[in-house]
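**Q** My structure is below; once you've seen it, I'll send some questions.
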Amino acid sequence: MAANYSDIVMDHFTNPRNVGEIPDADGVGEVGNMKCGDIMRMYLKIKDDVVEDVKFKTFGCGAAVATSSMATELIKGKPLSEVVNLTNDAVVEALGGLPPIKVHCSVLAEEAVKAALYDYYTRNNLPLPAGIEAPCDGDCAHCCGR
Amino acid sequence: MQVYADNAATTKVSQTAINAMLPCLTETYGNPSSVHSFGQAAHRELEKARSLIAEYLNAEPREITFTSGGSEADNQALISAALAGEKKGKKHIISTAFEHHAILHTLDKLEKQGFEVELLPVYKDGIVLVEDVANAIREDTALVSIMYANNEIGTIQPIAEIGALCRQKNVLFHTDAVQAGGHIHIDVKEQNIDMLTLSGHKFHAPKGSGILYVRAGSVILSNVIEGGAQERGKRGGTENIPGIVAMAAAFKESCDNLDENIAKITAMRDRVIEGLEKIPESILNGHRTKRLPGNINFCFRGIEGEALLLMLDHEGIAASSGSACTSGSLDPSHVLLSIGLPHEVAHGSLRLSLCEYNTDEEVDHILKVVPAVVERLRSMSPVWESIQKGV
């Protein structure tokens with residue numbers, strides 16, 4: 001609960017950055033499922049191999065919203081060569097840490113970004129860089145630890 | 001404005017309870033087991049508290065055992081009934097799917113020890129059917145344990161009818177009345193209750209004191225805590241005199257003001273229910289009127305409970321949820337699943353629990369803030385749009 005979240009997490013939860021949709025996005029990725037209680041959708045606008053804009057929509061707990069928000073901050077304006085290497089650890093670190101039980105939310109944020117990248121690369125018939133695979137199948141078991 | 005709307009979790013200690021307990025800290029601080037006058041003074045306070053609680057339950061003082069709280073009392077009730085039943089070759093226990101974990105986890109343990117546990121359904125309204133209880137009772141049924149009122153959705157069970165049935169069938173009947181005690185009328189004789197659990201901190205006493213009522217002659221208690229001869233040898237450990245004295249005072253106060261409190265709190269509850277029902281895609285959980293005066297439980301589709309609680313807290317409202325993220329597990333509350341809610345809906349639950357200290361102004365604040373927060377979370381939810389379209 002609130003007491004277990006860092007100030008940065010609470011800030012990104014109460015004032016999430018880049019919430020919304022990009023109607024003409026170049027890549028869209030959605031991960032998670034309703035049963036687990038977390039769904040993240042990422043929209044990317046890509047120009048000259050740079051993430052020109054990014055928006056997200058998230059159904060989930062405070063950590064799910066905060067990790068989505070932070071992930072968008074970490075990739076906005078960055079070249080794809082950097083973005084493909086985004087890790088959940090980087091999201092957790094930027095948030096000043098997460099309670100252990102919420103770390104899976106950061107994994108979901110990383111996967112949401114990568115799912116949107118996968119969509120971008122496959123839409124444009126571009127070769128997939130290392131680390132970009134078909135997105136999660138909606139089975140959260142591997143992230144949620146069971 | 002700060003609104004405490006989580007009174008089903010715990011309550012503020014009443015001034016009456018504080019006044020009653022303070023002398024036990026500085027004057028009657030003796031050990032009730034001691035022979036000297038300090039001890040005997042504490043012993044008198046203990047027995048006065050026991051008599052007072054017995055009086056308000058319509059029980060006898062010797063039928064009251066003090067424990068550390070509701071969980072311990074539930075554990076002791078179930079274990080005692082199971083062991084007593086086992087001696088007579090009865091190893092079947094009936095309960096419900098939406099009991100508190102103090103009951104369910106103790107039943108799990110008993111099941112591993114060879115008891116057969118049957119959990120009855122509670123249906124959409126969150127109320128067990130007396131006929132289901134009647135059909136489930138067998139020759140070898142050792143115990144029926146059914147909560148008085150549910151802790152999440154507040155639904156009140158037909159306790160008097162189940163009590164009468166069990167008495168007629170000569171089956172031991174326990175009820176976990178932790179949420180009901182001090183909030184609705186309880187009479188162990190009239191309602192044919194053999195064993196009953198109460199917890200002080202749910203009715204404005206401090207945390208750390210509970211009550212197990214056991215009807216004389218119904219079952220011999222087994223110890224959960226071994227030790228000295230306290231509580232007629234059934235519960236070791238020096239008695240928590242300040243807590244017990246405060247609990248007795250708080251119980252008396254709650255019971256003396258019961259009708260007035262029920263009227264006031266029910267009016268506030270109904271106003272909140274009517275207001276929150278106007279939120280699109282909201283679902284009131286549990287029977288509309290057969291519920292505790294202070295309990296309000298809704299699901300709002302398309303949002304998640306923990307996020308809702310954090311944002312409400314930010315706006316000064318303290319509430320609770322049965323979402324997975326607040327339970328520390330992957331699954332939403334077993335109570336919400338037991339009334340047939342799918343996982344995805346149960347994740348978006350909100351429980352507001354009011355007491356006599358809440359005010360109409362606080363209700364106004366709840367009615368202003370909750371719809372706005374739900375709307376804000378829905379605006380950032382990727383599933384809300386598809387829900388609206390009916391997908």
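The values are calculated or read from the model by the stated rules, or taken from the named source; none is laboratory data. Just so we're clear, the structure is a prediction, and the values are computed from it rather than from any experiment. Cβ: placed from backbone, ideal geometry, glycine included. Neighbour counts: every protein chain shown.
**Q** So which of B:H174, B:H105 is touching a helix residue (DSSP H, G or I) at 6+ places or on another chain (Cβ under 8 Å), under 18 Å from B:S71 (Cα atoms) and not in a loop (DSSP other than H, G, I, E, B)?
**A** Just one listed residue meets the conditions, B:H174.
**Q** List, please: which pairs have Cβ atoms under 7 Å, are six or more places apart or on different chains, and start with a residue in the stretch B:78-91 that is farther than 16 Å from B:N223 by Cα and end with one that is assigned to a helix (DSSP H, G or I)?
**A** B:K91/B:G85
**Q** Just the residues that are outside any helix (DSSP H, G or I) and among the polar types (S, T, N, Q), please, taken from the stretch A:41-97.
**A** So the first thing to find is which residues in the stretch A:41-97 are outside any helix (DSSP H, G or I), and the list is A:41-61, A:76-79, A:84-87, A:95-97.
Selection gives A:T58, A:N85, A:T87.
**Q** Another one. Go through the stretch B:188-212 and count every residue that is of a type outside the set (A, V, I, L, M, F, W, C), under 25 Å from B:K12 (Cα atoms) and in a loop (DSSP other than H, G, I, E, B).
**A** 5
**Q** Which one of B:S323, B:S282, B:S254 is of a type in the set (S, T, N, Q), modelled with pLDDT of 95 or more, more than 30 Å from B:T65 (Cβ to Cβ) and surrounded by 17 or more Cβ atoms within 10 Å (Cβ to Cβ)?
**A** Every option except B:S282 fails the conditions.
**Q** State the number of residues belonging to the stretch B:338-373 that are over 15 Å from B:G316 (Cα atoms), in a helix (DSSP H, G or I) and at pLDDT 95 or above.
**A** 2
**Q** Within the stretch B:272-297, track down each residue that is more than 25 Å from B:S14 (Cα to Cα) and either of a type in the set (G, A, S) or assigned to a helix (DSSP H, G or I) (or both).
**A** B:I273, B:E274, B:G275, B:L276, B:S282, B:G286 - these are the residues of the stretch B:272-297 that are more than 25 Å from B:S14 (Cα to Cα) and either of a type in the set (G, A, S) or assigned to a helix (DSSP H, G or I) (or both).
**Q** Moving on. Report yes if some residue within the stretch B:31-45 is surrounded by 16 or more Cβ atoms within 10 Å (Cβ to Cβ), touching a Pro at 6+ places or on another chain (Cβ under 9 Å) and in contact (Cβ under 8 Å) with a residue 60 or more places away in the chain; otherwise report no.
**A** yes
**Q** Every residue in the stretch A:1-40 that is assigned to a strand (DSSP E or B) and either more than 8 Å from chain B (Cβ to nearest Cβ) or surrounded by 23 or more Cβ atoms within 10 Å (Cβ to Cβ) (or both), please.
**A** Those that are assigned to a strand (DSSP E or B) and either more than 8 Å from chain B (Cβ to nearest Cβ) or surrounded by 23 or more Cβ atoms within 10 Å (Cβ to Cβ) (or both): A:G27, A:V28, A:G29, A:V31, A:G32, A:N33, A:D38, A:I39, A:M40.
**Q** Considering each of B:A246, B:A267 in turn, give the residue that is in contact with a Ser or Thr (Cβ under 8 Å, 6 or more places away or on another chain), at pLDDT 95 or above and small (G, A, S).
**A** On inspection, the qualifying residue turns out to be B:A246.
**Q** Any residue at all in the stretch B:322-335 that is more than 10 Å from chain A (Cβ to nearest Cβ), of a type in the set (G, A, S), within 22 Å of B:M147 (Cβ to Cβ) and without any contact (Cβ under 8 Å) to a residue 12 or more places away in the chain?
**A** Going through the stretch B:322-335, the residues more than 10 Å from chain A (Cβ to nearest Cβ) turn out to be B:322, B:327, B:333-335.
Of the ones still in play, those that are also of a type in the set (G, A, S) are B:322, B:327, B:333.
Next, only the ones that are within 22 Å of B:M147 (Cβ to Cβ) stay: B:322, B:327, B:333.
With without any contact (Cβ under 8 Å) to a residue 12 or more places away in the chain added as a condition, the list becomes B:327.
Scanning the stretch B:322-335, I find at least one residue that is more than 10 Å from chain A (Cβ to nearest Cβ), of a type in the set (G, A, S), within 22 Å of B:M147 (Cβ to Cβ) and without any contact (Cβ under 8 Å) to a residue 12 or more places away in the chain, so the answer is yes.
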